[in-house]
Every structure is written in C-alpha cells, then in structure tokens.
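The values are calculated or read from the model by the stated rules, or taken from the named source; none is laboratory data. This one's a predicted model, so the numbers in the text were calculated from it and none came from an experiment. Please note: Cβ atoms are built from the backbone with ideal geometry, for glycine as well, and neighbour counts cover all protein chains shown. The protein model used for the area step is the full one, side chains on, heavy atoms only, and it has no ligands, DNA or RNA in it. Shrake-Rupley method; radii C 1.70, N 1.55, O 1.52, S 1.80 Å.
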Amino acid sequence: MASTGIIPTYQRFVNGVPVPSFSRRSFRPREKYLILLVFFTLGVVCFGSFFFLPEFRGSSGTVNSVYNVYKHMQQAGPELLIPAPPHGDDVSEIPGGGKLIRHDVEGLPDPHKIEDRAKLLAKIEEAEEMDRMRNRKVLERPIILAANSPSVSVSAAVKTDKPVLEGVIEENNIPQGQERIVTIPPAPSDHYPETNGGEDPDPTARERRNKIKEMMRHAWDNYVRYAWGKNELRPITKRGHSASIFGSTSLGATIVDGLDTLYIMGMTDEFKQGRDWIANNLDITVLTTDLSVFETNIRFVGGLLSCFALTGDVMFRDKAAQIAEKLLPAFQTQTGIPNSLVNIKSGASKNYGWASGGCSILSEFGTLHLEFSYLSDVTGNPVFRAKVDHIRRVIQAMDKPRGLYPNYFNPKTGKWGQHHMSIGGLGDSFYEYLLKAWLQSGREDQEARQMFDDAMHHMIQHMLKVSTGGLTYISDMKFDRLENKMDHLACFSGGLFGLAAQTLKNDMSSRYMEIADGITNTCHESYDRTPVKLGPEAFRFTDASEAKALKSSEKYYILRPEVIESYFIMWRLTKDQKYRDWGWEAVLALEKHCRVAGGYTGLKNVYLDDPPKDDVQQSFFLAETLKYLYLLFSDDSLISLDEWVYNTEAHPLPIKGVNPYYREQV
Ligand code: DMJ
C-alpha cells in the first residue's frame, strides 16, 4: 500500500508488492527534489561561509566581498578542491624575506602547516615593520657602514633588515659615498613619521627658512579658506580658479601639487587635511572632459608618487596608478607617441591644433619617463614603463636635424613637425628627463645619459650664445634662424647643467659647469633689471637691450619657479653664497608685490613699479617656488640630491638602489 502521508516513506511498490530498496534503479520525483534540496542547502552554506571569513570581509560592502572571494578562488585554482601534493624540495619566498623549504618525505611537516606558519611570520613581520614605521622619523638616514672592502661590487647588494651602504664606488655609477641599499616597503598606515632636520647651522638661513614656511602657510590657509577642493585660488577675488589644463572640473590641484611641500616643511596637520581630501574626494574616473596628459602626469601622478615615497602610504600610490591608467588611451596612436589631450570618459585623444598642425609636443611626451618608470616599480605593473620605453625607442631612432630635437612630432606619420628647437617652452623638460632618468635609475640607464650629452653637445654648438654684455643664454632656433630670446621656463637649465656637471666627471663637465653658472647669472639679471626684482616670461638680447622683455605679451610673472630652482641646485652644488642672496631677493620681491591678504598673485607687467595683478595663485607656486626656496635655506640632508631626483614639478622621487624610500614591489 502506497504511503499517503506527507513525509515520504521511500518504500517503492510494484503492483502492490513492496520492492526491496537495493533493487531500485531510480528515485521517485519527490525523493529527487528532496536530495537536490539537501545538496543545494549544503552548497549555499559552504559558499556563503566564504563571506563570513574575516579575511574576506570587505570594508566597502558586498560587491567588494564577492570580488574578494572571486579573486581568492581564482588564485587558489585547482588547489581549492585538491590540495597540491608536496613537490620535490620546493623553495618558496616568504613575504617580507627569507625562504621556506617544503620537503616531500612523509612524516616531515605538513606543507600547509608550514605555509600557515609562514603567513603568520609574515604578519608578525608586517606588524613589526608598521611599528618601526611609526617610530621612525622620516628622511632619517639609513645606517651606513664604511666601505672598507674595495672588492664588493655595487650590484652585489646585501639585503638585510637595515639599510646598509657598502662597497666600491665607480665613476659613472653610484656617487661617492653612496651604495645600493635595501628599500623600505610600502606601509598601509597613515601614521606618518615627522619631517625633521634640514636646519642650517647658519642662524640667518634658519630665520629665512622660517619665513618661507610662513609664506607657505599663508598660501595654503587662504586656499583652504576660499577655494578648498578647487584647482587653484584667486587670492584677490577670493574664490576658486581652474586653468584649462585641468579641464573644467575641481580636482584639488593645489592640494595634490602642494602636499609634499607641506610634508617637507613639517606642516603635519595641513598635510593630513590634504591627504584625507585626496583619499575621499580625488577621483578622476568620473570626469567627462579632456585632461592634459603632461600636466596631469607631472602634477597629479608626480605629486602623489612623491607623497607615497615620503610616507609609504599606499593610498597615494594607488591613486597615482588609477590616474595614470586613465591617461593610457592617449598612447593609442600609430606610433605610440601619445597625444596631448585625453578624454577621461571616452578615452578619445587628440592634439592641439596650434601645435604644427596637430603634432605631439616634445616637452609633453618627453616628460613622462620618471613617473611612469617609478609607477611600474612600485605597482609591479609593467605597462607604464613599457609606454615610456617605447617613446624612447621611437625618438632615438629618428634622424635629428643638426643633432637637435624639434619641438613637434606627428604621432600619425612618425615625422617631425616644424623644426623649432628650444630648451624653453615646448622642449624644456624633455632634456631634463633625459638626465634625470639616468639619475633615477641609479645611473644604470646609460642610454638616457648618452642622449642627454648628445643633445647638449649639439645645443651648445648651435644655440648657446654670449651677449655683447657677456651674458650667457640659450636662444631658440626656428629652422635655420636663431631667435635671441630666452623663456623664463628655460632658466631651469642653469641647475640642469650644474647637475650634469657634478654627477659625471668627463670632458664635458667643466664646460657644463661654466654654462650652469652663466645661465643662472643671466636669469638673475632678468630679475634684477626690473623694478620689482621679479623676471618676465621671456627676455631678449638685441644691440640695444639685454635680458629684458621687449614685447608686452612677455612682461608678466606668474609665480614661476625656474630661476629659483637653479639658485637652489647651484647652491647645493657650489655653496656659493650669492645663490642664497639671490633667493632672498626673490622672497622680498614676492612679499612686496605678490602677497595679498588672500594669498599670492602673479603680476601682469614686471616693468611697472606697482604692476597690476593677475589674481591667480598657481598650484606650482606651492609645489615648486616655495619648496625650492625652503630647500635653498635648509641644509643638504633635507631631500638630498644624492638620494632624490626632482620631477619637473619639483616632486622628489627616490633614486633606485641608493634611497631606501624607493619602496618598489619585490
Ligand atoms: C611647471 O608646471 C613645470 O615646471 C613645467 O615643467 C613647466 N613649468 C611649470 C611652472 O613654470
């Protein structure tokens, strides 16, 4: 008799006769449903438990959790179901250093237990490292062991817990007194070490440095008060301002650009305030507008990477990577040379129409190398370095008119545009990044140094001039014609030649130093020959006039840093007091003519006693001008030139192999 109850009996009947269960071939539909239900419930419980494991619990909700679980399962691969058998004498790296050996002999420790132990050890090490980070003062020098043994090679660096300097120094490799050292890993914390030191023994220098810190406070506080989150401040009308280079959106450019200056000056509260704004608000992925690849790279990517290096806070690194990824579509051109502008939403990119019929610009595509290389090293993602290496290959393979690099390159045809050459606007930082790529690489990127020396050789031959009054300058060149003018932008080259002279002693170095001294002097003259003692945007050399602007469109000063940058570098290299004196003249002039109640403004005509003001506090005033002034009056240990290289926006990036703050992914 068939069961009529609600609960099934699982007894089958054939013609009313009970059939023994062992002879059954299949289940009844109700039984099948029940078994399926049991398996389904078990599956849900097992899978769901992943989400409650503390390791997988995401801080930002379900989507993260699902993604984390998915990632972990992906990583686990087949071992998720079948544990991998012990496999020979398997040696694996333990995160944080050391080696783990798994044996394949029965009775020896279970490999999974060893792995657990390794994970535990790694966690302990991580916790200890965080403790060390909390207790360490930033920019503290690593422990240095005297280089007694002349036989230790630079590449045979010893990895230890502590940064150690040892070994021989070779010309053209690591500078005197420097060696390869262990890098400090990124830290997930926001417990920043304080910036200490850098105080000069000279009391006047200390006093002046304090004054510059006060200027930074004035610039920053007013930005916070009147333009917080906007790109820049209008210090007279006391509101936000956005130059076209930032698109129309508020991206907090002043925060990102000025943040490492706050850090270096030890303005901890302000730094924290800026850091939190970046963490919570900076998101360029929502933009629908065009951004300048160059400006976004040097100010945003460079600024964030500098803060990452200084603090170890991975938030900065991740934001930098997120932004740089959004720039990558600009590289999708026939030659791989990026366009100037990229639309963040669509990925479409283009060049400026005025740039020799839609060319890419040398100083723009040539000023990505430092940030992109470093980004690859700290993220472990090779895509960024591949892009700039490709640019290098394309440019290097090109024929160069008289050995010079024109300012324009057509990314579609692979040909140069108009043959205009300059170490000022449109060319400048391309040359800067050749020298600095070599420095940043710990002097391993010999190709970059060679390209720099070749370019300078031809520039000296064709474009370097000395005026009737004895002023050294580098003119622009348009096809065969020299234009006897120098941009304010070109004044950084005083420091650049100095750095080139000092970092490699060869047959060019003394000539480089003469030029460095000459150009920095000329740029100072361009300041000194104005009533306000701040220099014009460009100055010319004629029979009647030297180092003065002649066109009204060249007479403005927009708080630019380049002249002061050269004072700073030349001071560090030569210790000639005149560079500090000139820097102080600039401070007095800035205070007298550019400081207003709401911050600092540019001037429209430096040849007037009381020039009209432009009402813009440029973000590079905080990033560069004030930073270089502060460092000019600090001692050499603060952001040492032996350990750091400044990107073109004055954001210091660590030198590979000699600076423990390099923090590459290992
Ligand atoms: C800065 O944004 C950078 O230095 C860039 O290389 C050109 N100059 C401006 C400031 O003058």
Inset, instruction - Identify, by number, the condition in (1) within 27 Å of Lys415 (Cα to Cα); (2) within 16 Å of the ligand (Cβ to nearest atom) that Ser306 doesn't meet. - result: (1)
Legend entry - Number of positions in the range 214-237 that are of a type in the set (A, V, I, L, M, F, W, C), in contact (Cβ under 8 Å) with a residue 40 or more places away in the chain and either surrounded by 19 or more Cβ atoms within 10 Å (Cβ to Cβ) or within 17 Å of Ile558 (Cβ to Cβ) (or both): 6
Inset, instruction - Only residues that are surrounded by 20 or more Cβ atoms within 10 Å (Cβ to Cβ) and near the ligand (Cβ under 10 Å from one of its atoms): list them for the range 416-429, please. - result: Gly424, Asp428, Ser429
Legend entry - Count - residues of the range 462-499 that are more than 15 Å from the ligand (Cβ to nearest atom), outside any helix (DSSP H, G or I) and touching a residue at least 12 places away in the same chain (Cβ under 8 Å): 19
Legend entry - Neighbours by Cβ (under 7 Å, 6+ apart or cross-chain): first from the range 298-315, touching a residue at least 12 places away in the same chain (Cβ under 8 Å) and assigned to a loop (DSSP other than H, G, I, E, B); second aliphatic (A, V, I, L, M) and away from the ligand (no atom under 16 Å from the Cβ): Gly312/Met133; Gly312/Ile184; Gly312/Ala187
Inset, instruction - Could you tell me whether the range 561-579 includes any residue that is touching a residue at least 40 places away in the same chain (Cβ under 8 Å), closer than 20 Å to Thr472 by Cβ and surrounded by fewer than 21 Cβ atoms within 10 Å (Cβ to Cβ)? - result: yes
Inset, instruction - Look through Leu489, Leu482 and report the one residue that is at negative phi, open to solvent by less than 40 Å² (accessible area, probe 1.4 Å) and among the aliphatic types (A, V, I, L, M). - result: Leu489
Legend entry - Test set (1) open to solvent by 20 Å² or more (accessible area, probe 1.4 Å); (2) more than 16 Å from the ligand (Cβ to nearest atom); (3) closer than 14 Å to Ile474 by Cα; (4) not β-branched (Val, Ile, Thr) - Gln502 fails condition number: (3)
Inset, instruction - Might you check whether a residue that is charged (D, E, K, R) and open to solvent by 40 Å² or more (accessible area, probe 1.4 Å) occurs anywhere in the range 372-384? - result: no
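Condition first: over 18 Å from Phe365 (Cβ atoms) and in a helix (DSSP H, G or I). Now tell me which residues in the range 441-450 satisfy that.
The answer is Gln446, Arg449, Gln450.
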Legend entry - Criterion (touching a helix residue (DSSP H, G or I) at 6+ places or on another chain (Cβ under 8 Å) and closer than 22 Å to Val563 by Cβ) met by exactly one of Gly470, Gly424: Gly424
Inset, instruction - Could you please let me know if Tyr527 is surrounded by fewer than 23 Cβ atoms within 10 Å (Cβ to Cβ) and closer than 14 Å to Asp487 by Cα? - result: no
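Would it be correct to say that Trp644 is aromatic (Phe, Trp, Tyr) and either within 16 Å of the ligand (Cβ to nearest atom) or in contact (Cβ under 8 Å) with a residue 40 or more places away in the chain (or both)? It would help to see each step written out before you state the result.
Values: aromatic (Phe, Trp, Tyr): yes; either within 16 Å of the ligand (Cβ to nearest atom) or in contact (Cβ under 8 Å) with a residue 40 or more places away in the chain (or both): no.
Answer is no for this residue.
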Inset, instruction - Within the range 401-422, count every residue that is out of contact with any strand residue (DSSP E or B) (no Cβ under 7 Å at 6 or more places or on another chain), part of a strand (DSSP E or B) and touching a residue at least 12 places away in the same chain (Cβ under 8 Å). - result: 1
